[in-house]
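Report on the structure given below.
The values are calculated or read from the model by the stated rules, or taken from the named source; none is laboratory data. Bear in mind that the values here come from a model prediction, so they are computed numbers and not experimental data. Here Cβ is always computed from backbone atoms with ideal geometry, including for glycine, and neighbour counts include all displayed protein chains. With ligands, DNA and RNA removed, areas are computed over all heavy atoms of the protein, side chains included. Shrake-Rupley method; radii C 1.70, N 1.55, O 1.52, S 1.80 Å.
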Amino acid sequence: RIIPELPPAPGDYQVEKTRYNAFAHTNLDDILRQEKVTEVQVVGVLTSICVMEIVKELFDRDIPARVWEKGVADFDPEVGMAMTRMISRIADACAARRCTQTVRAAVKSLVERAPERQKASSGRGSSASSTPKAAISSGLW
């Protein structure tokens with residue numbers, strides 16, 4: 001339910017959640033793919049159940065999630081804090097996995113272009129311009 005202070009804007013999607021997991025029995029995955037979403041901001045009640053479920057699902061779909069600590073709550077504050085720490089670990093794992101994927105893609109690109117570089121640099125001495133370069137993103141958000 002949208003609160004009066006936060007009405008939907010024209011063109012906003014509304015997904016009615018019927019399970020703890022917002023992806024279950026909804027078109028949320030289709031919407032995220034259609035809109036090419038690259039990060040999801042997460043707020044909600046029951047950090048230990050609903051918020052954790054959505055973060056895990058986003059992780060499995062390789063979509064980073066940012067959980068706003070002041071935007072989540074749990075009936076048991078200790079459990080809520082423990083889940084917030086767990087969610088942080090999931091986010092760190094997602095960042096590490098995205099970084100690994102970025103490194104693999106960069107290395108693959110360099111390997112695929114190696115014959116071109118060798119051909120272009122044959123007959124010349126080693127120079128800075130023929131040195132393979134790659135930009136690597138840490139994947140942090």
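When nucleic acids and ligands are ignored and a 1.4 Å probe is applied, Met52 ends up with an accessible area of around 20 Å².
Taking label positions 7 Å along the Cα-Cβ direction at both Val45 and Glu5, the computed distance is 1.6 nm, reported to one decimal.
Protein heavy-atom accessible surface, 1.4 Å probe, per residue over the stretch 1-74: 71 Å².
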